[in-house]
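Below: the structure, in structure tokens.
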Amino acid sequence: MSVKNPQTREWQTLSGEHHLAPFSDYKQLKEKGPRIITKAQGVHLWDSEGSKILDGMAGLWCVAVGYGREELVQAAEKQMRELPYYNLFFQTAHPPALELAKAITDVAPEGMTHVFFTGSGSEGNDTVLRMVRHYWALKGKPPKQTIIGRINGYHGSTFAGACLGGMSGMHEQGGLPIPGIVHIPQPYWFGEGGDMSPDDFGVWAAEQLEKKILEVGEDNVAAFIAEPIQGAGGVIIPPETYWPKVKEILAKYDILFVADEVICGFGRTGEWFGSDYYGLKPDLMTIAKGLTSGYIPMGGVIVRDKVAKVISEGGDFNHGFTYSGHPVAAAVGLENLRILRDEHIVEDARTKVAPYLQKRLRELEDHPLVGEVRGLGLLGAIELVKDKATRSRYEGKGVGMVCRNFCFENGLIMRAVGDTMIIAPPLVISHAEVDELVEKARKCLDLTYEAIK
């Protein structure tokens, strides 16, 4: 990016000299310099060069109610003045955490009335690992240790979260995964379905769960963890046959089901949770992101009553975080849930915004570079291909990154996962802003196509 503002260069220098950024090639970042985001309002961002950018990723999947909600600022300020911090250790509690726990369970699936708070979704999945193994030990079945995840699933980047996820690039660093965590294929028909129909592939992918349970042994398997829709993996929406078959398999075996709702939760699918959309009945649900609309860090695990009962009657659960249920985060979470509920944002996402977004996105399927457009709720993916019929890619060209760079240069944030462009805008995006998103996306697709031909 060209730099005109001297302060931009100053900040970029600070970045190169002092800041280690997440998921970054530091040499490349230092040479190029980061884009400096300085303010935001609604669904738009502004950088230090004064460029206005439509945020098609809601920050990092999280800014559900949009930027600039003064009510959330006021909630944080009020709580900071009353009780800026106290912990939940040593048989103490405070009203914001207790009231938020109740508010979360009011919108959670039936039979899930307990919450363990964390600082993030990654910490939530670390908690899941500890909790499910502790649960089975209390049940007199300590060998039930193994957790089954999915290849290319994402459950955070803490040690346990990265192990539970199935991303090879993360497993290559740090000796991951640890023993007791195994993975099965993902339900990614477009990329991996071959000659099978989507329905046949969905059944096949689900059957890999049963195959793995039998391979490891039911008496050794503690849980299966999965995102209702894989987010960071490329907005992988399973074929319609997938989840019904998985539910059938889970009903046969004595293992727990963990739904990672960090991305799908709090309205992203048009329902409060992805588990609601697919009719799933998880035993634990990891939450974060949309819980506070990203205004302040917070995560947690919603726990089904049968699991909570065993844990609560089993003596000390030796696990927790300094910032579990932080009062300021809890106050913001409470106000965020009130906004989502009272302004009918989840309902409007389902009935008004999502149908329009999905309709407009699919207009991009006629583009010569696009092999598939898929989406659900306020999630979308655009597959970039060389040949539509065979679904073959432009090998070695990094088409997704080329497109992402054109997006940045033309006022749109879309994320590239390989050669898949993905979006997840704020739930409050208007029809006019959807039009802006699609028009900018088409322009960037055109520029990408011309660049790689």
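Only residues that are open to solvent by less than 10 Å² (accessible area, probe 1.4 Å), in a loop (DSSP other than H, G, I, E, B), over 19 Å from Val246 (Cβ atoms) and not hydrophobic (A, V, I, L, M, F, W, C) were counted across segment 266-294, and they come to 5.
Apart from one condition, Ile382 fits all of (1) open to solvent by 70 Å² or more (accessible area, probe 1.4 Å); (2) in a strand (DSSP E or B); (3) of a type in the set (A, V, I, L, M, F, W, C); the exception is (1).
Tallying residues that are assigned to a helix (DSSP H, G or I) and either surrounded by fewer than 16 Cβ atoms within 10 Å (Cβ to Cβ) or free of Cβ contacts under 8 Å to residues at least 24 places away in the same chain (or both) within segment 398-422 yields 5. Take the residues in segment 210-229 that are within 17 Å of Gly165 (Cβ to Cβ) and more than 22 Å from the chain's Cα centre (by Cα); name whichever of them is surrounded by the most Cβ atoms within 10 Å (Cβ to Cβ). Taking the candidates together, the pick is Ala222. For segment 382-395, indicate whether the set of residues that are touching a residue at least 60 places away in the same chain (Cβ under 8 Å), closer than 30 Å to Ile339 by Cα and in contact with a strand residue (DSSP E or B) (Cβ under 8 Å, 6 or more places away or on another chain) is non-empty. There is no residue in segment 382-395 that is touching a residue at least 60 places away in the same chain (Cβ under 8 Å), closer than 30 Å to Ile339 by Cα and in contact with a strand residue (DSSP E or B) (Cβ under 8 Å, 6 or more places away or on another chain).
Go through segment 47-62 and count every residue that is open to solvent by less than 60 Å² (accessible area, probe 1.4 Å) and in contact with a strand residue (DSSP E or B) (Cβ under 7 Å, 6 or more places away or on another chain). Residues in segment 47-62 being open to solvent by less than 60 Å² (accessible area, probe 1.4 Å) and in contact with a strand residue (DSSP E or B) (Cβ under 7 Å, 6 or more places away or on another chain): 7 in total.
Among the residues of segment 102-133, those that are surrounded by fewer than 18 Cβ atoms within 10 Å (Cβ to Cβ) and assigned to a loop (DSSP other than H, G, I, E, B) comprise Glu110, Gly111, Thr113. Residue under question is Val246, and the condition is that it be part of a helix (DSSP H, G or I) and under 30 Å from Leu357 (Cβ atoms); does it hold? For Val246, the condition - part of a helix (DSSP H, G or I) and under 30 Å from Leu357 (Cβ atoms) - is met. Residues that are of a type in the set (S, T, N, Q), over 29 Å from Leu378 (Cβ atoms) and within 24 Å of the chain's Cα centre (by Cα): does segment 138-157 have at least one? Among the residues of segment 138-157, at least one is of a type in the set (S, T, N, Q), over 29 Å from Leu378 (Cβ atoms) and within 24 Å of the chain's Cα centre (by Cα), which makes the answer yes. Only a single item in (1) part of a loop (DSSP other than H, G, I, E, B); (2) open to solvent by 70 Å² or more (accessible area, probe 1.4 Å) is not met by Arg81, and it is number (1).
Are any of the residues in segment 241-258 of a type in the set (Gly, Ala, Ser), under 24 Å from Val107 (Cβ atoms) and either open to solvent by 10 Å² or more (accessible area, probe 1.4 Å) or free of Cβ contacts under 8 Å to residues at least 24 places away in the same chain (or both)? Within segment 241-258, none of the residues are of a type in the set (Gly, Ala, Ser), under 24 Å from Val107 (Cβ atoms) and either open to solvent by 10 Å² or more (accessible area, probe 1.4 Å) or free of Cβ contacts under 8 Å to residues at least 24 places away in the same chain (or both). Note on segment 140-161: among residues that are part of a loop (DSSP other than H, G, I, E, B) and among the basic types (Lys, Arg), the one that is farthest from Gly119 (Cα to Cα) is Lys141.
Comparison of Glu395, Glu363 shows that the only residue that is modelled with pLDDT under 95, closer than 29 Å to Glu450 by Cα, acidic (Asp, Glu) and not in a strand (DSSP E or B) is Glu395.
Mind listing just one residue for me: the one in segment 1-19 that is of a type in the set (Val, Ile, Thr) and part of a helix (DSSP H, G or I) and, of those, nearest to Phe408 (Cα to Cα)? It comes out as Thr8.
If only residues of segment 347-366 that are within 21 Å of Asp446 (Cβ to Cβ) and of a type outside the set (A, V, I, L, M, F, W, C) are counted, the one that is least open to solvent (accessible area, probe 1.4 Å) is Arg360.
Applying the condition of being touching a Gly at 6+ places or on another chain (Cβ under 6 Å) and outside any loop (DSSP other than H, G, I, E, B) to segment 85-101 and asking which residue is surrounded by the fewest Cβ atoms within 10 Å (Cβ to Cβ) yields Ala97. The single condition from (1) under 23 Å from the mean Cα position of the chain (by Cα); (2) assigned to a loop (DSSP other than H, G, I, E, B) that Thr390 fails is (1).
The values are calculated or read from the model by the stated rules, or taken from the named source; none is laboratory data. The structure displayed is predicted, hence computed values, not measured ones. Cβ atoms come from the backbone with ideal geometry, glycine included; neighbour counts cover every protein chain shown. Please note that ligands, DNA and RNA were not included when accessible areas were found on the heavy atoms of the full protein model with its side chains. Shrake-Rupley method; radii C 1.70, N 1.55, O 1.52, S 1.80 Å.
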